[in-house]
Amino acid sequence: METWRIVAAVVLVLPGLAGVPMIMAKVRDRTQSSSSVAVSGAVSLTALAVLTLLVLTVLPPVVSWVAAVTVVAAVGVLLLTG
C-alpha cells in the first residue's frame, strides 16, 4: 500500500471521528429525538468508514486528497460555528 494512501486516510479519519459527535450534537439540538441522534451517528460513521476504505484501496490521488480536505474543512466549520 502506498504511503500517500495511509497519510490521506489518517487525515480523513482523525477529523472525521471528531466530527461524528459534533454532528450528533447538532441533530440533538435541532430535533430533541434520541432516535434521530442515533441514526445520524450511524450514518455519518458508516459514510466515514466507506470513504476511508475507498481512499485506502481504489480512489485516485486527487479524489482522495479532495475528500480528506473536504472533511477537514467541514469539521473546521462545525467547530467555528459550534
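Between helix 61-81 and the chain there is an angle of about 30 degrees, using the helix long axis and the longest principal axis of the Cα atoms.
Label the stretch 3-81 by shape, choosing from rounded, prolate and oblate, from the square roots a ≥ b ≥ c of the eigenvalues of the Cα gyration tensor; if a/c is under 1.5 it is rounded, and otherwise prolate applies when a/b is larger than b/c, oblate when it is not. In terms of gyration-tensor shape, prolate.
Each value in this text was obtained by applying a stated rule to the coordinates, not by laboratory testing. The model shown is predicted, which means the values in this text are computed figures rather than measured ones.
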